[in-house]
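For reference, the structure discussed in these notes is given below.
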């Protein structure tokens, strides 16, 4: 698969980004990573906030590559595209997709699905992804980052 194939399947569409847009997405991710570590916050909310940070980072990488995910399966496609943007390995994409499904169930279907350990892992995954995305942006799209 590739970004071009995802585009031809109408899963993503061309998008022109700017340093301002990428900066806003990174700022949202930073805010969410910080807030996901708020003492006393329940594991489901910590997980959800950290997941949102990871999603914003994946969105920034996709935007920097000249695309935006279509509405249908937007989170899934954005996460999958990490393999084509920052070169995320299969285990990273699989882990984030598993977190996407767990987050959906925890937000919409059932309480008590997320443990403190899982919330901690999601926060750590968001932090790692931030490092990877920023390093990739500096290397591949230096004009879009400070």
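Annotations
- Convex hull projection area averaged over all views, the stretch 103-146, Cα basis, nm²: 4.1 nm²
- If you model the stretch 4-76 as an ellipsoid using its alpha carbon gyration tensor, with each semi-axis the square root of five times an eigenvalue, the axes come out at 27, 15, 6 Å, biggest first.
- Averaging the sequence gap over all C-alpha pairs within less than 8 Å and six or more residues apart, then dividing by the number of residues, gives the chain a relative contact order of 32 percent.
- Cα long-axis angle, helix 43-64 against the chain (0 to 90 degrees, to the nearest 10): 0 degrees
- Annotation: extensible slack from residue 108 through residue 1 equals 35.4 nm (criterion: 0.36 nm per residue apart, minus Cα-Cα distance).
- Taking a quarter of the surface of the Cα convex hull of the chain gives a mean projected area of 8.4 nm².
- Calculated [θ] (222 nm, deg cm²/dmol) that DSSP helices of n ≥ 4 give over the chain, each run adding -39,500 (n - 2.57): -22000 deg cm²/dmol
- Cα shape, the stretch 60-106, gyration tensor, a/c 1.5 rule: oblate
- Fewest-first sequence of 97, 48 by Cβ atoms within 10 Å of each Cβ: 97, 48
- Angle in degrees between helix 19-35 and the longest Cα principal axis of the chain, rounded to the nearest 10: 10 degrees
- Part-to-part distance (alpha-carbon centres) for the stretch 60-128 and the stretch 1-20, which is given in Å: 17 Å
- Highest mean packing first, where packing is the average number of other Cβ atoms within 10 Å per residue, the peptides 26-37, 107-118 line up as 26-37, 107-118.
Every read-out reported here was derived from the displayed coordinates using simple, explicitly stated rules and does not represent laboratory data. Predicted, not measured: the structure shown is a model, and the values here were computed from it. Every residue, glycine among them, receives a Cβ derived from its backbone with ideal geometry; neighbour counts consider all protein chains shown.
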